[in-house]
Amino acid sequence: MTVSIWQAEDNQPIREVDFLIIGAGLAGTAVAYFAAQAGRSVVITEMRDLALGASSRNAGFMITGPDTYYHRAIELYGHANTRELWALSEKTHTYWRGFAKTGNVRLENCGSMLLAESAEEAVQLELAARALNADGIDVIYHASDPLKRGYFAAVEQPWDAAVQPYELVGAVFKASGAELVNNNEVYKIEQTDPECVTVHTRQFVFQARHVMICTNAYSPFVHPYFVGKVIPTRGQCLVTEPLTENVMPVCGYSDYGYMYYRMTFDNRLLIGGGRKLYKELESTSEDRTSDSVQAYLDNYLRTKFPDVTARVDRRWAGIMGFSIDGLPLVGTIPGSPRIGFAVGFTGHGLAFGAGVAERAVDHLLTGASAGILDAARLA
Ligand SMILES: Cc1cc2nc3c(=O)[nH]c(=O)nc-3n(C[C@H](O)[C@H](O)[C@H](O)COP(=O)(O)OP(=O)(O)OC[C@H]3O[C@@H](n4cnc5c(N)ncnc54)[C@H](O)[C@@H]3O)c2cc1C
């Protein structure tokens, strides 16, 4: 992002704040909640408005666990770290459920199914199920397709849920009691002295005791530290007109997570993903749908759901922040111990958001270890 001299003459009023959060999505509002719980007075600055980033564009899957199959996660991150990630995801869902309950947010305990699109993926699913069961996680492995739609196998997680994500962010924000300053883009962040961070924005120059960056996909535009660590990645969805039947009783996902589908609360079929063949094109922060991915989703709708004849009613995109090793990043900017961050959710903000936010607040305010989330692992 660049800023002209006309926009930024640095004559905006100075505002002193205690704890300033940049970005009002799932992460920013959850950070606001935990910072307020820690006794801080919290202000969120947001370039658009509450939840208008990925947090209101997602599919609303509350699926426990990391983005790779469990046995692969063990290979990639180690066994203890994978268990830590699973526990963090469970904790996150407990928080979301609490916010959803008090905030009257629509949430359905429909469970999830990870489905195999090929015999090869079925083998991987069985390995994942075995590794999960060995760790005392009672997923159910189905050697054939329980949904009768041509899948090869399934792993069922009956405790997972589908949520209305826009409402959820609203509820988390309300519970935080924070102040939101919208239409207030951040231009520059610098720790000007040991106890103060100066944040230049459209409307104010903030002087904050602590700052937390929660800009996920947009983080490389906010601070150079994130360049090459967080990669903006576009996700796309479509939704049909309301159907008369429930054609997908669970949150379903397949093709190693590249495809996902669920019913909305007004009985529409939502299909998302379709990025697998277009990874380079979809490595972008451009907020628009693309013909190629939407054609892929259309084709998936026709082939996997031939019984659905309703028209597609809406198509949209959102920008995810993929970290380069697939795990969220928590830490402070090197040399700036009062500037923290909780970013890089890699398409799994509903799986990890609240747990990551809690750790990021602890880490920034008390120096507590961020564990597997510690961004220093990428150094
Ligand atoms: C199509 C799609 C489907 C998805 N499906 C799922 C799913 O089913 N389950 C799941 O767990 N996850 C899913 N995700 C991922 C999930 O939406 C994200 O992980 C989550 O929303 C990240 O939350 P966040 O608050 O970190 O980021 P965001 O919601 O993107 O919030 C970042 C905020 O920062 C603001 N910002 C950026 N730059 C600045 C600046 N300079 N100044 C001020 N503000 C700024 C932005 O406007 C934005 O509001 C999906 C994502 C997409 C796009």
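When region 123-164 is filtered for residues that are touching a strand residue (DSSP E or B) at 6+ places or on another chain (Cβ under 9 Å) and in a helix (DSSP H, G or I), the ones remaining, listed by number, are Leu125, Glu126, Ala128, Ala129, Arg130, Leu132, Asn133.
Among what's in region 210-239 and is away from the ligand (no atom under 11 Å from the Cβ) and without any contact (Cβ under 8 Å) to a residue 40 or more places away in the chain, pick the residue that is nearest to Arg314 (Cα to Cα). Only one residue tops the list, namely Val227. Only a single criterion out of (1) part of a helix (DSSP H, G or I); (2) out of contact with any Ser or Thr (no Cβ under 8 Å at 6 or more places or on another chain); (3) not basic (Lys, Arg) is not satisfied by Thr332, namely (1). Scanning region 240-253 for residues that are open to solvent by 10 Å² or more (accessible area, probe 1.4 Å) and within 10 Å of the ligand (Cβ to nearest atom) yields a single hit, Tyr253.
Evaluate region 1-13: report whether one residue or more is open to solvent by 40 Å² or more (accessible area, probe 1.4 Å), within 8 Å of the ligand (Cβ to nearest atom) and not in a helix (DSSP H, G or I). Yes.
Residue count for region 65-102 satisfying the condition of being under 20 Å from the mean Cα position of the chain (by Cα) and touching a residue at least 60 places away in the same chain (Cβ under 8 Å): 20. Scanning region 128-145 for residues that are out of contact with any Lys or Arg (no Cβ under 7 Å at 6 or more places or on another chain) and surrounded by fewer than 16 Cβ atoms within 10 Å (Cβ to Cβ) yields Arg130, Asn133, Ala134, Gly136, Asp138, Ile140, Ala143, Ser144. Taking the criterion of being β-branched (Val, Ile, Thr) and part of a strand (DSSP E or B), the residues of region 307-329 that qualify are Val312, Ile319. Checked against the criterion of being open to solvent by 10 Å² or more (accessible area, probe 1.4 Å), modelled with pLDDT under 95 and among the hydroxyl-bearing types (Ser, Thr, Tyr), region 169-189 has at least one qualifying residue. Among the numbered conditions (1) open to solvent by 10 Å² or more (accessible area, probe 1.4 Å); (2) more than 19 Å from the chain's Cα centre (by Cα), the only one that Met47 does not meet is (2). When Thr366 is tested against (1) away from the ligand (no atom under 15 Å from the Cβ); (2) of a type in the set (S, T, N, Q); (3) touching a residue at least 12 places away in the same chain (Cβ under 8 Å), exactly one condition is not met: (3).
Within region 137-154, residues that are closer than 10 Å to Leu114 by Cα reach partners that are among the β-branched types (Val, Ile, Thr) and open to solvent by 50 Å² or more (accessible area, probe 1.4 Å) with beta carbons closer than 9 Å, at six or more positions or on different chains, in the pairs Ala153/Val123; Ala154/Ile140. Say we look at region 254-273 and pick out the residues that are assigned to a strand (DSSP E or B) and within 12 Å of the ligand (Cβ to nearest atom); which of these is surrounded by the most Cβ atoms within 10 Å (Cβ to Cβ)? The selected residue is Gly272. Would you check which residues across region 332-348 are within 13 Å of the ligand (Cβ to nearest atom) and surrounded by fewer than 24 Cβ atoms within 10 Å (Cβ to Cβ) and list them? Within region 332-348, Gly347 is the sole residue that qualifies. In region 47-67, the qualifying residues are those that are of a type in the set (Gly, Ala, Ser) and either modelled with pLDDT under 95 or touching a helix residue (DSSP H, G or I) at 6+ places or on another chain (Cβ under 6 Å) (or both), and the one that is farthest from the ligand (Cβ to nearest atom) is Gly65. Look at region 184-197: where a residue is under 19 Å from Pro220 (Cβ atoms) and of a type outside the set (Val, Ile, Thr) and a partner is within 14 Å of the ligand (Cβ to nearest atom) and open to solvent by 70 Å² or more (accessible area, probe 1.4 Å), sitting 6+ places away or on another chain with Cβ atoms under 7 Å, you get Glu185/Met47; Glu185/Arg202. Here Lys188 clears all of (1) in a strand (DSSP E or B); (2) touching a helix residue (DSSP H, G or I) at 6+ places or on another chain (Cβ under 7 Å) except the condition numbered (2).
From the list Ala36, Ala24, Ala87, Ala73, pick out the single residue that is part of a helix (DSSP H, G or I) and either in contact with a strand residue (DSSP E or B) (Cβ under 7 Å, 6 or more places away or on another chain) or open to solvent by 70 Å² or more (accessible area, probe 1.4 Å) (or both). Among Ala36, Ala24, Ala87, Ala73, only Ala36 is part of a helix (DSSP H, G or I) and either in contact with a strand residue (DSSP E or B) (Cβ under 7 Å, 6 or more places away or on another chain) or open to solvent by 70 Å² or more (accessible area, probe 1.4 Å) (or both). Residue-level check: of (1) more than 20 Å from Thr102 (Cα to Cα); (2) open to solvent by less than 40 Å² (accessible area, probe 1.4 Å); (3) of a type outside the set (Lys, Arg), Ala161 misses just (1). Filtering Pro328, Pro306 for residues that are touching a Leu at 6+ places or on another chain (Cβ under 6 Å) and without any contact (Cβ under 8 Å) to a residue 60 or more places away in the chain leaves a single hit, Pro328.
The values are calculated or read from the model by the stated rules, or taken from the named source; none is laboratory data. In this text, all values refer to a predicted model and were calculated from it rather than measured experimentally. Counting neighbours? That spans all protein chains shown, and the Cβs are built from the backbone with ideal geometry, glycine included. Protein only, heavy atoms only, side chains kept; ligands, DNA and RNA dropped before computing areas. Shrake-Rupley method; radii C 1.70, N 1.55, O 1.52, S 1.80 Å.
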